Each structure stands twice: as C-alpha cells, then as structure tokens.
Amino acid sequence: MRSILVEKFARQSLRSLRFNLFSAPSAVKLFFAFFAVRTMRSTEIAHLLKLEWQLDRRQKHAWGSMALYVVSTVYVCYQGVRHLSETPIWNALFWIILLFAAFNALGRSFQRENSGRQLYLYTLASPRSVVLARTIYNAITMAVLSLLSLAAYALFIGSAPLEGAQMGTFILVVMAGGVGFALVLTLISALAARAGNGIGLMAILGFPIVLPMLLSVMKASKLALDGMGWDVTGKYVIWLLLIDVITVVLAWLLFPYLWRD
C-alpha cells in the first residue's frame, strides 16, 4: 500500500513537470521516489508534532503540572538547605531535581492514548514518524523544562556557584542533559507502555540506563562551574551528544516492532 502511494505521489510530481515517469531513466525514478518518501515522512512528522501540541493545549494541566512539580521541589529543597555555596552539592542537587522532573514529565508519553487512538495512528502514520515526532516534542519539552528548572533553582537555592562559571558551556550541558533524558526516557516509555506496566517498569528500566548519562552531565557541569574551558568539558559534551544519537537510532530501529505488536 505504501509503495502504491509513493508511486502515485511521484507520478503527480512528474506530471507537474510535464515529464513521463515510465520513459525516464531508472536513476530519475529512484530520485523522485526517494523525494516523495522524504516529503511524505516530513509531512507526517509535522502533523504529529502539531497533534502533540494540540493534545497538551487541550489538557491545560500538563505544562502547569510540570512547572508546579519543578518549582515545588526546588522550594522544598530551599526550606531544607537554604542557600548553597558549595559547588559539588549545588550541582548534584540540581541534576537530581531535573532527573525526577524528567521522569514525572515523560512517564506517560506513550500511555495517554487508548487502544482505539493507537490503532487510528497505526493506520494513518508510519511508526518511525510517530516515535520521531514524539521524541522531538519531548526533547523540546525537556529543553524548556531544563531552563525553567535552572532559573527556579538559581532563584531559590542561590547563584553563587555560577559567578565564576563558563555560562555558555554550562547552559549547553544543561540543555544537552535535558534533551538526553528526553530521548532515553521516550524510548523506555514506549517499551514500558507496550509491556503493559508503564510507570513501574519505566522506573526499573530507566534508572540503570540513565545513570551513565547522569554521571556524565554531572561531571561536565561541574567542570563548567569550575570555569574550565571547552578543551576540558568538550569531550563530555560530545559523549552526551553521541548517547543522544545512539538513542535516536535505537528508537528508529526498534519502535516499528513494538508498534506492530
């Protein structure tokens, strides 16, 4: 069915150019077929991203609950420790808060649709488009939530460790860490949702997989807070980006089999 749609789209594109597909060389056919597939997939991802945004807008408590969780957690930590000036403790507490905020925000990523809506999506879009759109949307969500967490944390707990820090590198590490959490937890959420035991299984699978990334971002942010240059912290940032790429590739390869089941 998909090959028929691709061929039909390619024919329409060629007619607009007044060019006959069947009289064209094989290389031209392959080019237009590849272009048609890429166009269709990009359109699917754009529509699915719009769907995710509309669902969150319809459920107005979604973003509010995430922001409330972050602010309330930071405020509870403030009541317990007041202002922190020790950089290692300040850094570790921030990443613990952000990690639990990521679990809270992305825990139901693949569990808010019922079986009927999942079947409807299955008939409309390819599984790779679904997982890629949801991964992109969750990455944007965690990037915004990371900056919000950093602002609230610096406001309540104090910003003394930021005075001598490499702010550009530190913010880059925070963004990369938040996006990395989103990518990993999106894949784990898909696995847990298809297994039928969402939140519990996600916590069991999530912490061992997220732990290497957590240690890397804590080390990179600690070096940035100490004022170290890119030549020292760069290898940790590259390692984080490599983990993100590997996670996206695994989601791209594995999710069609999960979606089919």
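Read-outs: derived from the displayed coordinates by stated rules, not from any lab. Computed from a predicted structure; not experimentally measured. Backbone-built Cβ (ideal geometry, glycine too); neighbour counts: all protein chains shown.
Would you mind getting me the FRET efficiency between residue 232 and residue 143? Use the beta-carbon distance for r and R0 = 25 Å, nearest 0.05.
Working: r = 24 Å, r/R0 = 0.96.
FRET efficiency, residue 232 to residue 143: 0.55.
Could you list the residues of the stretch 46-86 with an amide nitrogen less than 18 Å from a label point located 7 Å from the Cα of residue 124 in the Cα-to-C-beta direction?
46-59
On full extension of the chain, what length is gained from residue 82 through residue 43, given 0.36 nm per residue of separation minus the C-alpha to C-alpha distance?
Details: separation 39, 0.36 × 39 = 14.04 nm, distance 4.93 nm.
Length gained, residue 82 through residue 43: 9.1 nm.
Taking 0.36 nm per intervening residue step and subtracting the Cα-Cα distance, what contour gain separates residue 254 from residue 241 on full extension? Please report the intermediate quantities before stating the final value.
Details: separation 13, 0.36 × 13 = 4.68 nm, distance 2.00 nm.
Full-extension gain reported as 2.7 nm.
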